[in-house]
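One structure is given below, encoded as structure tokens.
The values are calculated or read from the model by the stated rules, or taken from the named source; none is laboratory data. All figures in this text were calculated on a predicted structure; none of them were measured in a lab. Cβ: placed from backbone, ideal geometry, glycine included. Neighbour counts: every protein chain shown. For the accessible areas, the whole protein counts, side chains as well, though only heavy atoms, and no ligand, DNA or RNA atoms are used. Shrake-Rupley method; radii C 1.70, N 1.55, O 1.52, S 1.80 Å.
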Amino acid sequence: MLMENIRFQRDNQKVQTPEDILNANCLIFPGVGAFAAAMDVLNKKGMAEALCTYIENDRPFLGICLGLQLLFESSEENGPVRGLGLIPGVVGRFDSTNGFRVPHIGWNALHTVKDSEILDDIGKRHVYFVHSYRAMPSNDNKEWVSSTCNYGDNFIASVRRGNVHAVQFHPEKSGDVGLSILRRFLYPKSSTTKKPGEGRASKLAKRVIACLDVRTNDKGDLVVTKGDQYDVRENTGENEVRNLGKPVELAGQYYIDGADEVSFLNITGFRDFPLGDLPMLEVLRYTSENVFVPLTVGGGIRDFTDANGRYYSSLEVASEYFRSGADKISIGSDAVYAAEEYIRTGVKTGKTSLEQISRVYGNQAVVVSIDPRRVYINAPDDVEFKAVRVTNPGPNGEEYAWYQCTVNGGREGRPIGAYELAKAVEELGAGEILLNCIDCDGQGKGFDIDLIKLISDAVSIPVIASSGAGVVEHFSEVFKKTNASAALAAGIFHRKEVPIQSVKEHLLETGIEVRM
Ligand code: 1PR
């Protein structure tokens, strides 16, 4: 974990020294990244001891995610690694062999086991989790545990003792429910805390994601655009880039409308250096001030040397995105090259952007975006790549297809299939797959069920189904027929043809749990 990601806050100040901790009136510790690196920083800076003293004196504390895990005795993450040792127990990895996808990403339900005050208003609503490791309740730590969550096992979702609180989920990304938790912690005596409505959360919800493809138009403005099979230019004489609105405004609207996540894809990032594209960083900064659900950003994440010969690693590019408010970054073209090389050599070099970013920020922060194109064939052994029998035969009656990966926004086909890519990037450290389909993009005829089933059955990380949503029934179809964890749409939301709430109401009516 990088030092800049340890952000204790004292009267809205970032903590720099152990004294800052000891002098604080109230501390929030939103940890991001790996356990060992975080403990290393805390020990080297003398903050571990200060933190233990602060907590043992029952001073107001809120740990978030890693900020909860560090309170335990040790973690198995790249370990065992010793933690602060304030709460009995070991932080271990979720077991993916029982069919549950790891990382645990998404909106899940809490089971409150004791009065925790900060959780008192949340009723049966979902909160947002993103993690691969968790601590388990036991007799030794039962005086601490205030709520649990079920994901294969019942793990600890929050702890509380006196003024000390810690949560495994992210209140800052849990919409109005999360904001009410933060308000209750920061202003415990205030009676003005707005209560979120009652809900019916019982388990991990399927996510509905709004995607904003962003690029600079011919006038130099950053706009939300949307293609048909990746062609984003109007069919007019001028052939200009289709402009569907301003990124920050649209993202804010989708948050209000109930999107569970918002994704920005900088679609010309493959040719323009993204850190040169400062408006994109500003878009992230402004969006994260008002949008309290996870933000993903992709496009142009790769090593780069600028015109002055200055080298930027993909890790620097990603770090800039994280600092500007992104929760996850998404890698497209660079992941294809990395997977090709890995399949060719069988060696993990540790140097690819995928490996480097997931090592520092954790694989739950790294999405791989796949842009495949369907290639029809007559028989599965016509190609060396995994093929499927297609539901609708090809133009010449072909009964099979393989899905060829592309780079540079679909401009170049590569010698690798979506199936091979998905399996390789999972091994290289991807935490989630955003599965597009160029043939279906913008067509409104439904998701490519054959493709999504193929990929979501092949990997044990979450898969986001993307491309082709036209009506609410397409969402229930993809969740009923495949193991997708989330469904993403763009055009129907931008053109206001189908509101996000209608999608969610329909999913609820068909028995699919969603966050309301
Ligand atoms: O290769 O790491 O620079 O990443 C580039 C990123 O930009 C990739 O994630 C790639 O998918 C995306 N991208 C590149 N070109 C385009 C384009 O449209 N010309 N957009 C593009 C991809 C696809 C979806 C879209 C869904 C849903 N957009 O995300 O939003 O298909 O659309 P629909 O609901 O309207 O059907 P790198």
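Annotations
- Contact order, relative form, for the range 113-218: 32 percent (alpha carbon pairs under 8 Å, 6 or more residues apart, mean separation divided by residue count).
- Inter-probe distance in nm under a simple model that places probes 7 Å from Cα toward Cβ, at GLN443 and LYS203: 3.2
- Interchain or long-range residues, amide H under 5 Å from ASN266's placed H: VAL214, GLY298, GLY299
- Computed FRET value (nearest 0.05) for ASN239 with GLU49, which takes r as the C-beta separation and R₀ as 51 Å: 0.20
- Note on ASN408 and ILE256: the model spin-label points, each 7 Å out from Cα along the C-beta direction, lie 4.1 nm apart.
- GluC sites (Glu not before Pro) within the range 337-418, DSSP loop, no more than 11 other Cβ atoms inside 10 Å: GLU384
- Pairs of lysine residues in the range 114-251 that meet both criteria, 8 or more places apart or on different chains and Cα atoms under 15 Å apart, total 6.
- Dipole in debye (nearest 20) - the range 7-186, about Cα centre, beta carbon charges: Lys, Arg +1; Asp, Glu -1: 360
- Long-range HN-HN contacts of ALA486 with modeled amide H, under 5 Å: ARG207, VAL463, ALA465
- Loop-located GluC sites (Glu not before Pro) in the range 452-504 whose Cβ has at most 16 other Cβ within 10 Å (DSSP): GLU497
- The distance between label points at ASN139 and ARG161 comes to 1.8 nm (points 7 Å beyond Cα on the Cα→Cβ vector).
- Overall Cα dimensions of the range 63-144 - principal axes, largest extent first, Å: 37, 31, 21
- The calculated FRET efficiency for LYS219 paired with ASN392, based on their beta-carbon distance and R0 = 35 Å, is about 0.30.
- Shape class for the range 303-363, computed from the alpha carbon gyration tensor (a ≥ b ≥ c): oblate, with a/c not under 1.5 and a/b at or below b/c.
- Global geometry of the range 376-516, whether rounded, prolate or oblate, following the gyration tensor of its Cα atoms and the 1.5 cut on a/c: prolate
- Its relative contact order, with pairs defined as Cα atoms under 8 Å and 6+ residues apart, puts the chain at 11 percent.
- Carbon and sulfur %, accessible surface of the chain computed with the full protein complex present, 1.4 Å: 46
- J(HN,Hα) series, the range 376-389, from Karplus relation 6.51 cos²θ - 1.76 cosθ + 1.60, nearest Hz, glycine and proline x: 6, 9, 7, 9, x, 8, 5, 9, 7, 9, 5, 10, 10, 6
- Given their separation in residues at 0.36 nm each and the Cα-Cα distance between them, VAL90 and ASP40 gain 16.2 nm when the chain is fully extended.
- Each Lys and Arg contributes +1 and each Asp and Glu -1, all at the Cβ; summed about the Cα centre of the range 423-511, the dipole is approximately 180 debye.
- Point-charge dipole on Cβ atoms (K/R +1, D/E -1) for the chain, about Cα centre, debye to 20: 1080
- Relative contact order (%) - the range 7-186, alpha-carbon pairs under 8 angstrom, separation at least six: 20
- Two-site FRET efficiency, ARG82 against ARG344, from Cβ-Cβ distance with R₀ of 51 Å, rounded to 0.05: 0.80
- Residues in the range 83-105 that a label on ASP153 would reach, taking backbone N under 11 Å of a point 7 Å out along Cα→Cβ: 90-96
- A simple rule links phi to the HN-Hα coupling: the Karplus curve 6.51 cos²θ - 1.76 cosθ + 1.60 with θ = phi - 60°, which for the range 498-507 gives 9, x, 4, 4, 5, 4, 5, 4, 4, 4 Hz, with x for Gly and Pro.
- On Cα atoms only, tilt of 472-481 relative to the major axis of the chain in degrees: 80
- Alpha-carbon spread of the range 7-186, three principal axes, descending order, Å: 45, 37, 28
- Taking all pairs of distinct alpha-carbon atoms in the chain, Kirkwood radius in angstrom: 23.6
- Whole-Hz Karplus values for the range 103-120 come out as x, 7, 10, x, 9, 10, 9, 9, 10, 6, 10, 7, 4, 10, 6, 5, 9, 4 Hz, taken residue by residue from phi with 6.51 cos²θ - 1.76 cosθ + 1.60 and θ = phi - 60°; glycine and proline positions read x.
- Degrees between helix 47-56 axis and first principal axis of the chain (Cα, 0 to 90, nearest 10): 60
- Taking every DSSP beta bridge that has both ends in the chain, the antiparallel portion is near 50%.
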